[in-house]
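See structure below.
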Amino acid sequence: MKTEYIKYEEENKDEKTIIFPVSAYTIPDIESFCAVLLKYFSRGYRLGSSIEMKRFRHYYETFYGTKIQQNDKEVEEIIRQCGIEYEGRVYMSQTMMDEELKKRLFMYIEKSIVEGKTVLYFESIFHEFSEEFLDHHSNIYDSDMLKAYISYMAEDKYFIGKNYILNKKCTFINPIDDVRICLKKYGLPMKVDNLCRTLSHIPEGQIKKILHNYPEFVRNGESEYFHVDSFSVLEEELENISLLLTKEIEEHEYLTGNELYDIIKRKYPYIYERNISFSVIGWRDALKYKLDTRYSFTGNIVSSKEKELSISDVFSNYARNQSSFTLQEVLDFAKNIGSGSTVYFDALYKNAARVSQVQFVSREDIKFQVKKTDEILDSFCTGTYIALSKVKNLGILPEASHPWTPFLLECYVEHYSERYYLMHSGYNINIVVGAIVKKSKLYSSFASLLIDILAESGVTLQKKDALNYLFDNGYISCRAYTKIETILISARAKRNKKEN
């Protein structure tokens, strides 16, 4: 009977061994206790419970016609040696899994080792057999419990780590090696689902974490990766690409990943042909890995190490270098540099102002009569704040360098007003949203403003009603807000305090 040895590995990877003391009790004692546990405690014996102890003594006396002579502490010591201890309970191995399922489980482990899998994760083994555990009405509820079972039944056959099994005690395994070998062998972009099926002995979450955290695994597209060594480029060719990059950056400050791809395709078609299976993103990030010490790769922007540029910097420079541009032009620019339909308005507005829904001009071309404009806004904002969209009659505002529109008013409040400031959740492509707030009242965040708005409104403080109110009054751009539940709690408390 197996009662003495269990091995495990701590986070620091120092191997430790727990050796339970050899039983001072006789084999008949243990065997008789096992028989009671097997017959009456199929769901495990709960340690440290006086009620469980009374039940055990009662069943023992019923089963054998005699009372247990040992005291409670001694009884529990014997019970611990009868089975598998897990989370404060002792289970008999026979009740955790039947012989048929046990045989298939260890055949799976042995087969995996024979096939060359050097490490097996308990989470993956549990996933592999989860339906069978359910169908066989086993007592295996999770991967940790499966670990306890395998550790007990396998004795010293395997090295049992914190969350995995090794077939050799002297071997240290890093799952990154398995991912690396698999992708290198495949040689082409591989779907993550396919990779997870191939490496079924490694938990899916761990594979995805490895792919995300190690740049040698290059993203080729949505849920698709390849190993950087699969991207074929010779050192001499890499030097030629570097010369191209240097020239482009000297002339234009930066270039996009798309432009880099197009230049190489045009200039070095033989490199392109060898790597035709990889996407533009894959090309960019593979070259990023190989040239990272020479150039800055930030998102889809490639620039010099001495003057690193982000997408935000590029939007700011775009606005600085043009006297005017349209919304469509900036959307086309965003698409070209790889930000999709996302416009970095905060960066854009460092050098530009939006004067209408479709037109932007240089900030240098904007002029306002600040004092008179603020005085007129006072007539609209009689309280602490007002929704930007509620300022309707823009014709009464003092003459400015451009005709007044909601977008020009948004620009004025944000950058020029002496009495007011703008609060919103972000700039919007099609409309203006948010509030004009008096500088005499400072809010720490847009959420804190929304708390006041809802507390002071007459709206029912329920999620749907509150979102409808904020949207209908122009404070938010859609009927959704990520912090609305927290805001409602605070608004309710503020309203109740005011009413009391």
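The values are calculated or read from the model by the stated rules, or taken from the named source; none is laboratory data. The structure presented is a predicted model; accordingly, all values stated were derived computationally and were not measured. Every residue, glycine as well, gets a Cβ built from its backbone with ideal geometry; the counts of neighbours run over all protein chains shown. Keep in mind that these areas ignore ligands, DNA and RNA; they rest on the heavy atoms of the full protein, side chains included. Shrake-Rupley method; radii C 1.70, N 1.55, O 1.52, S 1.80 Å.
Determine whether E399 is exposed (fewer than 15 other Cβ atoms within 10 Å of the Cβ) and charged (D, E, K, R).
Numbers: exposed (fewer than 15 other Cβ atoms within 10 Å of the Cβ): yes; charged (D, E, K, R): yes.
The answer is yes for E399.
I'm checking my understanding of the structure. Among residues of the range 343-372 that are touching a helix residue (DSSP H, G or I) at 6+ places or on another chain (Cβ under 9 Å) and basic (K, R), which one is most open to solvent (accessible area, probe 1.4 Å)? Please lay out each step first, then the result.
Initially, the range 343-372 is screened for residues touching a helix residue (DSSP H, G or I) at 6+ places or on another chain (Cβ under 9 Å), giving 343-360, 362-363, 366, 368, 370.
Narrowing further to those that are basic (K, R): 350, 354, 363.
Numbers: K350: 129, R354: 3, R363: 65 Å².
For the range 343-372, the residue satisfying everything is K350.
If a residue has to be surrounded by fewer than 19 Cβ atoms within 10 Å (Cβ to Cβ) and in contact (Cβ under 8 Å) with a residue 12 or more places away in the chain to count, how many in the range 234-245 make the cut?
The number of residues fulfilling the criteria is 5.
Just to verify a result, which residue in the range 458-467, among those that are over 25 Å from K392 (Cβ atoms) and within 29 Å of the chain's Cα centre (by Cα), is most open to solvent (accessible area, probe 1.4 Å)?
K464
For the range 359-376, state whether one or more residues are closer than 27 Å to I453 by Cβ and without any contact (Cβ under 8 Å) to a residue 24 or more places away in the chain.
yes
Kindly check whether there is at least one residue in the range 481-499 that is in contact with a Gly (Cβ under 9 Å, 6 or more places away or on another chain) and at pLDDT below 95.
No, there is no match, as no residue in the range 481-499 is in contact with a Gly (Cβ under 9 Å, 6 or more places away or on another chain) and at pLDDT below 95.
Kindly list, by first and then second residue, each pair from a residue in the range 339-356 that is in contact (Cβ under 8 Å) with a residue 40 or more places away in the chain and under 15 Å from F407 (Cβ atoms) to a residue that is open to solvent by less than 20 Å² (accessible area, probe 1.4 Å) and of a type in the set (D, E, K, R), limited to pairs with Cβ atoms under 8 Å and residues at least 6 apart or on different chains.
R354/E410
Tally up the residues in the range 184-195 that are without any contact (Cβ under 8 Å) to a residue 12 or more places away in the chain and closer than 18 Å to E222 by Cα, please.
Qualifying residue count, the range 184-195: 1.
Could you check how many residues of the range 417-434 are open to solvent by less than 30 Å² (accessible area, probe 1.4 Å) and either in a loop (DSSP other than H, G, I, E, B) or modelled with pLDDT under 95 (or both)?
Keep residues of the range 417-434 that are open to solvent by less than 30 Å² (accessible area, probe 1.4 Å), which gives 417, 420, 422-423, 426, 432-434.
Then drop every residue that is not either in a loop (DSSP other than H, G, I, E, B) or modelled with pLDDT under 95 (or both), which leaves 417, 426, 432-434.
Counting residues in the range 417-434 that are open to solvent by less than 30 Å² (accessible area, probe 1.4 Å) and either in a loop (DSSP other than H, G, I, E, B) or modelled with pLDDT under 95 (or both) gives 5.
Could you list, ordered by first residue, the pairs with Cβ atoms under 7 Å in which the first is in the range 301-322 and aromatic (F, W, Y) and the second is in a helix (DSSP H, G or I), at least 6 apart or interchain?
Within 7 Å, the pairs are F315/A347; F315/L348; Y318/F333.
Please go through the range 297-342 and pick out each residue that is touching a Lys or Arg at 6+ places or on another chain (Cβ under 9 Å) and open to solvent by 50 Å² or more (accessible area, probe 1.4 Å).
K305, R320, S341
Filter the range 77-108 for residues that are under 14 Å from F41 (Cα atoms) and of a type in the set (D, E) and give the result.
Result: E85, single match.
Is it true that Y45 is hydroxyl-bearing (S, T, Y) and either modelled with pLDDT under 90 or over 45 Å from the mean Cα position of the chain (by Cα) (or both)?
Numbers: hydroxyl-bearing (S, T, Y): yes; either modelled with pLDDT under 90 or over 45 Å from the mean Cα position of the chain (by Cα) (or both): no.
No; evaluated as a whole, the condition is false for this residue.
Hey, can you tell me all the residues within the range 468-487 that are more than 27 Å from the chain's Cα centre (by Cα) and outside any loop (DSSP other than H, G, I, E, B)?
N468, Y469, L470, F471, D472 - these are the residues of the range 468-487 that are more than 27 Å from the chain's Cα centre (by Cα) and outside any loop (DSSP other than H, G, I, E, B).
Using beta carbons and a limit of 7 Å, which pairs, at least six apart or on different chains, have the first residue in the range 162-178 and within 24 Å of D229 (Cβ to Cβ) and the second one at pLDDT 75 or above and open to solvent by 30 Å² or more (accessible area, probe 1.4 Å)?
Filtered contacts from the range 162-178: P175/Q206; I176/Y214.
Pairs only if they're at least six apart or on different chains, beta carbon under 7 angstrom, first in the range 60-89 and in contact (Cβ under 8 Å) with a residue 12 or more places away in the chain, second open to solvent by 80 Å² or more (accessible area, probe 1.4 Å) and not in a helix (DSSP H, G or I); list them, first residue then second.
Once the first residue is in contact (Cβ under 8 Å) with a residue 12 or more places away in the chain and sits in the range 60-89, its partners that are open to solvent by 80 Å² or more (accessible area, probe 1.4 Å) and not in a helix (DSSP H, G or I) give G88/R46; R89/R46.
So, L450, is that one at pLDDT 95 or above and in a strand (DSSP E or B) or not?
So L450 does not fit the description; no.
Please work out if V437 is in contact with an Asp or Glu (Cβ under 7 Å, 6 or more places away or on another chain), aliphatic (A, V, I, L, M) and crowded, with 18+ Cβ neighbours inside 10 Å.
Spelling it out, it is not the case that V437 is in contact with an Asp or Glu (Cβ under 7 Å, 6 or more places away or on another chain), aliphatic (A, V, I, L, M) and crowded, with 18+ Cβ neighbours inside 10 Å.
If I ask for residues that are of a type outside the set (V, I, T), at pLDDT below 90 and more than 22 Å from the chain's Cα centre (by Cα), which ones from the range 183-200 would you list?
If the condition is that a residue be of a type outside the set (V, I, T), at pLDDT below 90 and more than 22 Å from the chain's Cα centre (by Cα), then K185 is the only one that fits.
Going through the range 377-395 one residue at a time, which ones are touching a residue at least 12 places away in the same chain (Cβ under 8 Å) and open to solvent by 80 Å² or more (accessible area, probe 1.4 Å)?
K390
Can you list residue pairs whose Cβ atoms sit under 7 Å apart, with the first residue in the range 96-112 being closer than 14 Å to S130 by Cα and free of Cβ contacts under 8 Å to residues at least 60 places away in the same chain and the second being open to solvent by 60 Å² or more (accessible area, probe 1.4 Å) and part of a helix (DSSP H, G or I)? Count only pairs 6 or more apart in sequence or on different chains.
Cβ pairs passing all conditions: Y108/E128.
Take I181 and tell me if it is open to solvent by 90 Å² or more (accessible area, probe 1.4 Å) and under 30 Å from H127 (Cα atoms). If you could, list the steps in order and put the result at the bottom.
Details: open to solvent by 90 Å² or more (accessible area, probe 1.4 Å): yes; under 30 Å from H127 (Cα atoms): yes.
Criteria met by I181.
Could you look through the range 256-296, keep only residues that are aromatic (F, W, Y) and open to solvent by 60 Å² or more (accessible area, probe 1.4 Å), and pick out the one that is farthest from F231 (Cα to Cα)? Let's see the steps before the verdict.
Filtering the range 256-296 for residues aromatic (F, W, Y) gives 261, 268, 270, 272, 278, 283, 289, 295.
The next check asks that each one be open to solvent by 60 Å² or more (accessible area, probe 1.4 Å); those that pass are 270, 289.
On the way: Y270: 13, Y289: 11 Å.
It comes out as Y270.
Name the residues in the range 405-416 that are crowded, with 19+ Cβ neighbours inside 10 Å and touching a residue at least 40 places away in the same chain (Cβ under 8 Å), would you?
Passing the criteria: F407, L408, E410, C411, Y412, E414.
Which of the residues belonging to the range 314-368 are under 22 Å from H252 (Cα atoms) and either part of a loop (DSSP other than H, G, I, E, B) or in contact with a Pro (Cβ under 8 Å, 6 or more places away or on another chain) (or both)?
N321, Q322, S323, I337, G338, S339, G340, V343, Y344, Y349, K350, N351
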